[in-house]
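Colleague: Quick one: the structure is below, questions incoming.
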Number of protein chains: 2
Amino acid sequence: MSSESEIPPSEESGEKISKKAAKKEAAKLDKLRRRQEQDEATRKTASMSLEENEEFSSNYGDVTLNELQSTADPKAGKWREAVEGKDWTDVSDLMEEMVESEVLIRGRVHINRPTSSKLGFLILRESGSTVQCVVRQSEKTKVGANMVKYSEQLSRESFVDVIGVVVLPKEPLTGTTQQVEIQVRKVYCINKALAKLPLSVEDAARSEADIEKSLQTEKPAARVNQDTRLNHRVLDLRTPANQAIFRLQCQVENSFREKLIFKDFVGIHTPKLMAGSSEGGSAVFRLEYKGQPACLAQSPQLHKQMAICGDLRRVFEVGPVFRAEDSFTHRHLCEFVGLDVEMEIRKHYSEIMDLVDELFVFIFTSLNEKCKKELEAVRKQYPFEPLKFLPKTLRLTFEEGVQMLKEAGGEVDPLGDLNTESERKLGQLVLEKYNTEFYILHRYPKAVRPFYTMTCADNPLYSNSFDVFIRGEEIISGAQRVHIPEILEQRAGEFGIDVKTISTYIDSFRYGAPPHGGFGVGLERVVMLFCGLNNIRKTSLFPRDPQRLAP
Amino acid sequence: MSSESEIPPSEESGEKISKKAAKKEAAKLDKLRRRQEQDEATRKTASMSLEENEEFSSNYGDVTLNELQSTADPKAGKWREAVEGKDWTDVSDLMEEMVESEVLIRGRVHINRPTSSKLGFLILRESGSTVQCVVRQSEKTKVGANMVKYSEQLSRESFVDVIGVVVLPKEPLTGTTQQVEIQVRKVYCINKALAKLPLSVEDAARSEADIEKSLQTEKPAARVNQDTRLNHRVLDLRTPANQAIFRLQCQVENSFREKLIFKDFVGIHTPKLMAGSSEGGSAVFRLEYKGQPACLAQSPQLHKQMAICGDLRRVFEVGPVFRAEDSFTHRHLCEFVGLDVEMEIRKHYSEIMDLVDELFVFIFTSLNEKCKKELEAVRKQYPFEPLKFLPKTLRLTFEEGVQMLKEAGGEVDPLGDLNTESERKLGQLVLEKYNTEFYILHRYPKAVRPFYTMTCADNPLYSNSFDVFIRGEEIISGAQRVHIPEILEQRAGEFGIDVKTISTYIDSFRYGAPPHGGFGVGLERVVMLFCGLNNIRKTSLFPRDPQRLAP
């Protein structure tokens, strides 16, 4: 199928967009707009000159703003009259059982294929689902030549209401998700899109394999690069894969909450505006708060622990976290959604790992069971193998991990952190040995963990902490915390943190504090790695990185 | 009951705390700490000098840090050995059916009442539940004099593990929530609280009526003012009312999500870091983002609409919103949790009000059905009448509201906004006439709504918008939005907004946009007004107002 995109095929897939390029794009958009206005004017003149059977003319046309803002008065216009008493059917619900019945559907013009003055094909899209609509001139069905003409000029991405009869196509349809066709009786345009778009959804939805294949043909397909996608995110979001990704993300959060609430956790909301710097770790965004210096929380760490000191016992939070780091990688964002957990410990920090195990096996299983359609939609554009995980999550100690890497010929500092390469390598080794791509690595060296991490009882060089990996990449960090204020103060000092800036945090442990611990997860990373995607920007609705603050 | 609080009874209940007062408080805390350390030293010397039956001495004592950080080795210490193989019973689960069985419970020392060298009473508290524990010297149960002494010196708010036998008390207990007693066999202190606390939980939990009553007696109770509470929020959060408030808040969010997900909404997360100023409305917090000016989103308004343009069809978000306004009222915060909804409209904006109706009746009903215990706990400290609401929510037009106010002798601008006083008055009138404290007022004057609000079809002075009220206070604002980019640009201009700063937002509507609308709710306000509380700081975990950025 040919591409109508204005974006030429390009090898470029870099992450950056220069200001110059942005300006150029804006200028291009302006030009498109002007051209569109001209087209519009031409079209209006043309349609006025056509003869019309008056009875037929009420079966199509642009819906007026007045109709869209009015009370439900059916006399407000011909669209109002046509939809009066009718309910909309979702495109995804159109199926063989409905053949011969009349339906009202709303969707975008995905593809508009005029064939002759008497016949046109519209493919309508609603979220990720598409259906073919046939507009055929016919006295019997009161479809006049002007209605065919009208439907043929509808621009891609415009919103339309179609009333028509469901029929079975003569041959199986390959270009749509739905296997029935609509014989159009009436068509109204709810809202028009610019005739020339900065990117075509059809192009944006194409898999890399299909692009490659097209390059061998006479009609090479456009490759929409990541910055073009993100600059025009509202168009990019309309692809079936993106429609699926954000529904998967919602499902991850739902399962996370469901399991935790079942286990008596309380959902909380901690402040994002803080005096001082939240953990003293990563770089923070600073701002002025009513005359005093403040920063954005780089995690809910301190406050979720304070909620435990406030007797909430087991808490979780889903909320934004802010990192001002200059990380230009496929897996870092300046703002992302943190899934945080903190809980009292009865006996031992393995209770936290028990929860991680149960919780994530539940999340993965829910995704596989409840989101088959969404996973298939992602897979179609971005092929991936289902995540391999065990019913009981594998736990290795850091020392065991280091040993495995050494045996495989790697050089690893037994008291340092693992670098990204070692993490990937260990992921491979674990997959080969244990047949899982999801596992917990615990008892990390104390030196590489935050100041509030509890040391191991049997070896002060190690800590009661863990990381969790999916497909060789870290997604979760957790630990038992120090709940003794004197030790906290000392540790903070060792880490070069000004104890005064976190005094309310440390004081919280002076009024009786239970042993406790918890963990934090990045929502975007879970979805990215579950689906084997190559960039976290694909799983953030409107990503923020060191070079992107818009849209 | 006498008060051990360090805070003298005070008439002061103002919202402010000066820096001087904060310093004074810090100095006092320091002094308390020093005194506590001395007490500790004295105590240790005293206990060493006591004789001890060696067999009995394993039944009590401080749990070592080593035991709390170790692997589950039962030989790590006497506490480890004592709890080995045992499960903890929640204090709230202790009941008559358990009489004569041995239980292990963990809780804070709520009240410690030494009676003699042979008998002491500990009231243990876990979240909002309390139980009386009796420590009685007895050869038979291996409770020695030293154990009685040990338990008598346990400071309030310390965390302890108690192993004991459940018995029925001779007389009904009035000072505890649980109606059984524990005959203590073993007691271990998990973590000690400072002997002198900045406020006592017992004082903080007292109702105003009880305080008033106590003022007639020889032992007047301490009134803990709001700033003392908020300065030491981790202590304040431990009162039964606060334990309940944040569980109610979680239930509101759960019901909100449950209903929306059932109705095919997708939960999303929009960025809080934005270029420009989010709606051009309220004051925003500004910051520098990697060299460019940025601000914190004062609502997810623009991005939730863009998600609709991105075909997510029906979305909701739960997340922080930031307002830099200098509002020193009982109902404003600088950071609060927004519950936001945005949806495609099929025919008419009443579809949004239909959702508000169904959603909030569901939320209120869930609270009443699922949170009886929590509502009772709040009511005990802050008495309130159950919210009156109708199964089908009352809708009045703004004009009808104005008419009601006029008939009651009020002066109201028919094209202006209602002030707080008029809103309260109208709430009263509606309650009298319709017997509901929850209603929708719609068709607001266009002039008092944001630039993106759709005007009414039949009268351009009014708009397709609404506010929703609980007990005479606004909690929800909603409307149909303008989805025509040209009109949006014009309206933004009329409101003095630089269109360039919101160009990505306006451009979103050029690529085909469905008619849509939505609303926003403040989570803290819902809980505050449902429970008839007098200050929003009571329903924010760690509130942020123009004068408070800590803890």
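The values are calculated or read from the model by the stated rules, or taken from the named source; none is laboratory data. Since the structure is predicted, the reported quantities are computational estimates derived from the model, not experimental observations. Reconstructed Cβ throughout: ideal geometry from the backbone, glycine too, with neighbour counts over all protein chains shown. Side chains are part of the model used for accessible areas, which takes the heavy atoms of the whole protein and leaves out ligands, DNA and RNA. Shrake-Rupley method; radii C 1.70, N 1.55, O 1.52, S 1.80 Å.
Colleague: What is the set of long-range amide H partners of A:C133 at a cut-off below 5 Å, with H atoms built 1.01 Å from backbone N?
Modeller: HN-HN under 5 Å from A:C133: A:L122, A:I123, A:L124, A:I182.
Colleague: Just want the answer: with Cβ charges of +1 for Lys and Arg and -1 for Asp and Glu, which residue in B:A205, B:G310, B:P450 is farthest toward the dipole's positive end in chain B?
Modeller: B:A205
Colleague: Just want the answer: with Cβ charges of +1 for Lys and Arg and -1 for Asp and Glu, which residue in B:V134, B:M95, B:S117 is farthest toward the dipole's positive end in the range B:51-191?
Modeller: Most positive-ward Cα: B:S117.
Colleague: Kirkwood hydrodynamic radius, computed over distinct alpha-carbon pairs, for chain A: how many Å, to one decimal?
Modeller: Value: 27.1 Å, from the Cα pair sum.
Colleague: Would you mind calculating the relative contact order of the range B:225-356 from Cα pairs under 8 angstrom and at least 6 residues apart, reporting the percent as a whole number?
Modeller: 19
Colleague: Take B:K373 and B:H330, extend 7 Å from each Cα along the Cα→Cβ direction, and tell me the distance between the two endpoints in nm.
Modeller: 3.0
Colleague: Please report, ordered by residue number, every helix of chain A (full DSSP H runs) that is 24 Å or longer along its axis going by C-alpha atoms and whose mean Kyte-Doolittle hydropathy reaches 0.5.
Modeller: Counting only whole DSSP H runs, the qualifying helices are A:350-370.
Colleague: After finding the eigenvalues of the alpha carbon gyration tensor for the range B:420-544, what semi-axes result from the square roots of 5 times each, listed largest first in whole Å?
Modeller: After diagonalising the Cα gyration tensor, the semi-axes are 32, 19, 12 Å.
Colleague: Give me the accessible area of A:T64, 1.4 Å probe, in Å² rounded to the nearest 10.
Modeller: The value for A:T64 is about 60 Å².
Colleague: Which far-off residues, 5 or more places away or on another chain, put their amide H under 5 Å from the one on B:G276, with H placed in the peptide plane?
Modeller: Answer set, sorted by chain and number: B:C295.
Colleague: Can you give the Rg to Rh ratio for the range B:240-539, taking only C-alpha atoms and Rh from Kirkwood?
Modeller: Rg/Rh for the range B:240-539 comes to 0.96.
Colleague: Sort all Cα-Cα distances of the range B:309-409 into consecutive 5 angstrom bins from zero, then give the percent of pairs in each bin up to the one containing the longest distance.
Modeller: 2, 8, 11, 12, 17, 21, 17, 8, 3, 1
Colleague: Nm distances between the label at A:K31 and the same-position labels in the remaining copies, 7 Å along Cα→Cβ, shortest first?
Modeller: Here the equivalent label points are 7.7 nm apart from this one.
Colleague: Considering only the other residues whose Cβ falls under 11 Å of the Cβ of B:I487, what net charge follows from Lys and Arg at +1 and Asp and Glu at -1?
Modeller: Once all neighbours under 11 Å are counted, the net charge is -1.
Colleague: Taking the label point 7 Å from Cα in the Cβ direction, how far apart in nm is B:E385 from each other copy of itself, listed shortest first?
Modeller: 6.7
Colleague: How large is the convex hull of the Cα atoms of the range B:51-191 per residue, expressed in Å³ as a whole number?
Modeller: Considering the Cα atoms of the range B:51-191, their hull volume per residue is 112 Å³.
Colleague: At a 1.4 Å probe radius, which order do A:F389, B:F542 fall into by accessible area, largest first?
Modeller: The ordering from most to least exposed comes out as A:F389, B:F542.
Colleague: Among B:A294, A:P172, B:I163, pick out the residue whose Cα is farthest towards the positive end of the charge dipole of the protein assembly as shown, where Lys and Arg carry +1 and Asp and Glu carry -1 on C-beta, about the Cα centre.
Modeller: Ranked along the dipole, the leading option is B:A294.
Colleague: Continuing with this model, one more query. Take the residue pairs A:K347/B:K78; A:K347/A:K446; A:K140/A:K186; B:K86/B:K140; A:K259/B:K370; A:K192/B:K446 and return only those whose Cα atoms are more than 24 Å apart.
Modeller: In this structure, A:K192/B:K446 exceed 24 Å between Cα atoms.
Colleague: Can you work out ³J(HN,Hα) from phi for every residue in the range A:449-454, in order, using Karplus 6.51 cos²θ - 1.76 cosθ + 1.60 and θ = phi - 60°, giving whole Hz and x for Gly and Pro?
Modeller: 3J(HN,Hα) across the range A:449-454, in whole Hz: 10, x, 4, 8, 7, 6.
Colleague: Note every residue of the range A:329-371 with a reduction of at least 40 square angstrom in accessible area, all protein chains present versus the isolated chain, computed with a 1.4 Å probe, or write none.
Modeller: Buried by 40 Å² or more upon assembly, which counts only protein chains, are A:E335, A:R346, A:K347, A:H348.
Colleague: Still on this structure, please answer the following. For B:E100, what accessible surface area do you get with a 1.4 Å probe? Give it in Å², rounded to 10.
Modeller: For B:E100, solvent-accessible area is about 150 Å².
Colleague: Then there is this: Quick one: what are the phi-derived ³J(HN,Hα) couplings along the range B:318-325, Karplus 6.51/-1.76/1.60 with θ = phi - 60°, whole Hz, x for glycine and proline?
Modeller: Calculated HN-Hα couplings, in order: 10, x, x, 10, 10, 10, 8, 6 Hz.
Colleague: List the relative contact order of the range B:128-244 as a percent without decimals, with contacts defined as Cα pairs under 8 Å and 6+ residues apart.
Modeller: This gives 28 percent for the range B:128-244.
Colleague: Another question, if that's okay. Applying a 10 Å radius around every beta-carbon, put A:165-172, B:234-241, B:530-537 in order of their mean neighbour count, most first.
Modeller: Listed from highest to lowest mean packing, they are B:234-241, B:530-537, A:165-172.
Colleague: Further question: Please figure out what share of the DSSP beta bridges in chain B is antiparallel and state it in percent, rounded to the nearest 5.
Modeller: Around 85 percent of the beta bridges assigned by DSSP in chain B are antiparallel ones.
Colleague: Here's a follow-up. For q values of 0.06, 0.08 Å⁻¹, compute log₁₀ I(q)/I(0) with the Debye formula on a Cα-only model of the protein assembly as shown, without solvent.
Modeller: -0.53, -0.91
Colleague: Right, here's the next one. What ranking of B:H516, A:H269, B:H330 comes out by heavy-atom accessible area, probe 1.4 Å, highest first?
Modeller: The ranking, largest first, comes out as B:H330, A:H269, B:H516.
Colleague: Given the DSSP H assignment, sum -39500 (n - 2.57) over each helix run of at least 4 residues in chain B and divide by its residue total; what's the result at 222 nm in deg cm²/dmol, nearest 500?
Modeller: Here the helix-only value at 222 nm equals -10000 deg cm²/dmol.
Colleague: So, one more: Could you give the semi-axes, largest first, of the ellipsoid that matches the range A:245-331, computed as the square roots of 5 times the alpha carbon gyration tensor eigenvalues and rounded to whole Å?
Modeller: They are 26, 20, 10 Å, listed largest first.
Colleague: Continuing with the same structure: Count charges around B:F360 for me, please; just the other residues with Cβ under 15 Å from its Cβ, Lys/Arg as +1, Asp/Glu as -1.
Modeller: Around B:F360, the charge tally is -3.
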